1. If I stretch the segment between residue 204 and residue 175 completely, what's the gain in nm (0.36 nm per residue apart, minus their alpha carbon distance), one decimal?
2. Which number comes out as Rg/Rh for the range 45-93 once both Rg and the Kirkwood Rh are worked out on C-alpha atoms?
3. Using r as the Cβ-Cβ distance of residue 193 and residue 271, and R0 as 41 Å, what FRET efficiency do you calculate, to the nearest 0.05?
4. Can you give the charge dipole size of the range 5-198 about its Cα centre, rounded to the nearest 20 debye, using +1 on the beta carbon of Lys and Arg and -1 on the beta carbon of Asp and Glu?
5. Between rounded, prolate and oblate, where does the range 1-143 land on the alpha carbon gyration tensor, with a ≥ b ≥ c its root eigenvalues, rounded for a/c under 1.5, else prolate if a/b exceeds b/c?
6. Please rank 184, 282, 16, fewest neighbouring Cβ atoms within 10 Å first, as an exposure proxy.
7. Quick check: Cα centre of the range 257-276 to Cα centre of the range 48-77, how many Å?
8. In what sequence do 260, 178 fall when counting other Cβ within 10 Å, fewest first?
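What follows draws every value from the coordinates through simple rules; no lab data is involved. Keep in mind that what you see is a predicted model, and the values were worked out from it rather than measured. A quick note on method: Cβ atoms are made from the backbone with ideal geometry, for glycine too, and the neighbour counts reach across all protein chains shown.
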Amino acid sequence: MSDALVLSVIIAASDSMTALERTVASLRAQVTPHRFEILVAAASDRFPGLEPQPGLRVVVAAPGTGVPRLRRLGLAQAAGTIAVFTEDSCVFQPNWINGWLQAFRPPAVAAATGPVEPAMGNATLDWAVFFCEYAPFLQQSSPLPTTSPARLAGNNFAVRIADGYGLDRPEIQESDLHRTLSQSQAPIVEAKTALAWHVRRYAWREAFGNRLRFGLEFGRLRRSRHSRWVNIAAGLAGPAIFLVQALRLALLMAHADRHHRRFLASLPITLGLLMAWSVGESLGWAGVPASRRPVDSAGERTGQTPEPAPAQSR
């Protein structure tokens, strides 16, 4: 095994202890000759009593800390040269670590994003959430022309720490980081073999609450960069935001080579989730304060996250 610590895997944990244990177990099952570390960043109210374990470092955050801030807190403790960001919504194929190492083999590569596949069972709500968040990151069965990825998968991306593009901010938002990298013309690649399986399942209030909150945080982030009149116009553009997102997703799935039936079956819920995002983004542009306590707090969940779908359904 290599003695050099290359990768720091940062898990922004926001689901449950059961989900976190599943994610960590998947990482410990990695087949790689290289040494890597596992850091868990979690809010104290969501994971009370969480303590370090052999091969697992823990960063305890203030109650209500969201995923972007958890990423930054985990990064501050990272000892590797490459930081891989994921969440306790995922499990990984055994060569996931090797996929990141291969992607960063060229020294000029500043960031990479990996594919995300659904493995959360048959619930229509869960599929709707997946399409809203991760449809752009589905694996392609046929090779596509090599181009710079248009975005980073929020639960499956990595950056070279020494490059420092946008990593010194209080929060690490994948969309904001991608914009900074693109403006700097820093090379971003797709780590095609660094596959993450999305296994998280959702309650209805959690799913819609999250989309509203994520849209609100996104709108507030954009508001800080524009003039008052742009903010006012954007705050009134909720219907346009919804239409653009719905059209973009429809075009994306039209060109996908699978999951069409799932997409059509979940379409009414998917459109509802997109509407929740557009309302949240409009409120964010209008300057409505963001809640610092996650909508999917432990008291609002119906129980622990169910087990993922059997392996053969993947």
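1. Details: separation 29, 0.36 × 29 = 10.44 nm, distance 2.53 nm.
Extra length from residue 204 to residue 175 when fully extended: 7.9 nm.
2. 0.94
3. Details: r = 33 Å, r/R0 = 0.82.
Working from the Cβ atoms, E equals 0.75.
4. Here the size comes out at about 440 debye.
5. Numbers: a/c = 1.60, a/b = 1.01, b/c = 1.59.
The shape class here is oblate.
6. Fewest-to-most ranking of 184, 282, 16: 184, 16, 282.
7. 33 Å
8. Details: 260 11, 178 21.
With the fewest neighbours first, 260, 178 line up as 260, 178.
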